[in-house]
């Protein structure tokens, strides 16, 4: 076993604190990674505070992991010690069901094993990237082609693939008008990716102060969603809208903007449900309301390679591990542009209990 230093939530109320635990030693198919950087996802906060009602305590969050390979098992041929590697939201799946066979491990029928908080449908706990090392099966380790700014690559492992997967699935590209709702951790990646795919990108925000940033990130237009005239000007005109807001809101306002056969896909996961949209907004234009969850391992590798080719990383603010609780409070207020990333070199060593 490997003694591991981390930060953990022990209940839904108290701050995360230093936590020492054991990782398994690498088996024949495993890769051990020294964690260099870990992004901070809104899912981390939801889980730490048990807002989805399924948290396994103690909880060590973190599933946007960039690190250096330190050891590999005898059956590992695609990584060597010293390589830079990534780990995203999953560390295992059944590998047998139809979604897994198709490369959609995120939709594994029995439920994939999360990098933290265990299998989706219950089971032994797993501990994530707010720690100094991790051991992962080779099938769930990703190659990093970026050669610099590695801290800003970390959020691609969740925010990047969460937005890339639906854009790819709904074939976003040149000649399409694409909306992105919300300019946060997910939304700012969606703007960058949709722009790189060649779409005409319109960013929807409630904050006029975000207009300049949206244009800098690649949006062609910015619409203040609380302005009825600005919204009405785009009625029946969008091929695709990616809704990145993780709070309940009126979906009809955006469904009105889809053209015939247009789709709006939800990737934000609010703690409370959205108000139900009007069925008339769907049936009169054959519009579709869909959802999407991260991406499979092959698609995540494709996304990383796409981002490396196009020079895409996340806009980040680096923090020390000891500042994670402050970061959570700032994240709730939207006070980050646009993703916190933890420098794991700041992780304190937890003394071994006598």
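Taking neighbour counts of Cβ atoms within 10 Å as a proxy for exposure, in what order, fewest first, do 210, 259 appear?
Details: 210 22, 259 15.
Ranking 210, 259 by Cβ neighbours within 10 Å, fewest first, gives 259, 210.
Normalised by residue count, the chain yields a Cα convex hull volume of 136 Å³ per residue. Report, in whole Å, the centroid distance computed from the Cα atoms of the stretch 277-348 and the stretch 5-76. A separation of 17 Å, based on Cα centres.
Quick one: grab the alpha carbon gyration tensor of the stretch 160-291, order the square roots of its eigenvalues as a ≥ b ≥ c, and give me rounded if a/c is under 1.5, else prolate or oblate depending on whether a/b is larger than b/c. Provide the component values of the computation, followed by the final result.
On the way: a/c = 1.27, a/b = 1.19, b/c = 1.06.
The shape class here is rounded.
Annotation: the antiparallel percentage among DSSP beta bridges lying fully within the chain is about 55.
Would you please put 151-158, 12-19, 69-76 in order of how densely packed they are, using the mean number of other Cβ atoms within 10 angstrom per residue and starting with the highest? Provide the component values of the computation, followed by the final result.
Working: 151-158: 28.2, 12-19: 14.4, 69-76: 16.1.
Packing proxy ranking, top to bottom: 151-158, 69-76, 12-19.
Only DSSP H runs of four or more residues enter the estimate; each adds -39500 (n - 2.57), and after division by the residues of the chain the mean residue ellipticity at 222 nm equals -6000 deg cm²/dmol. Springs between Cα atoms under 10 Å define the GNM used for the chain, and in it the highest mean-square fluctuation of 338, 164, 130 occurs at 338.
Listed by Cβ neighbour count within 10 Å, with the fewest neighbours leading, 144, 326, 31 appear as 326, 144, 31.
Fewest first, what order do 263, 163, 346 take by the number of other Cβ atoms within 10 Å?
Ranked by crowding around the Cβ, least crowded first: 346, 263, 163.
None of the figures in this text is laboratory data; all of them are computed from the coordinates on show. Remember, predicted model here, so these are calculated numbers, not experimental data. Here the Cβ is made from the backbone with ideal geometry for all residues, glycine too, and neighbour counts use every protein chain on show.
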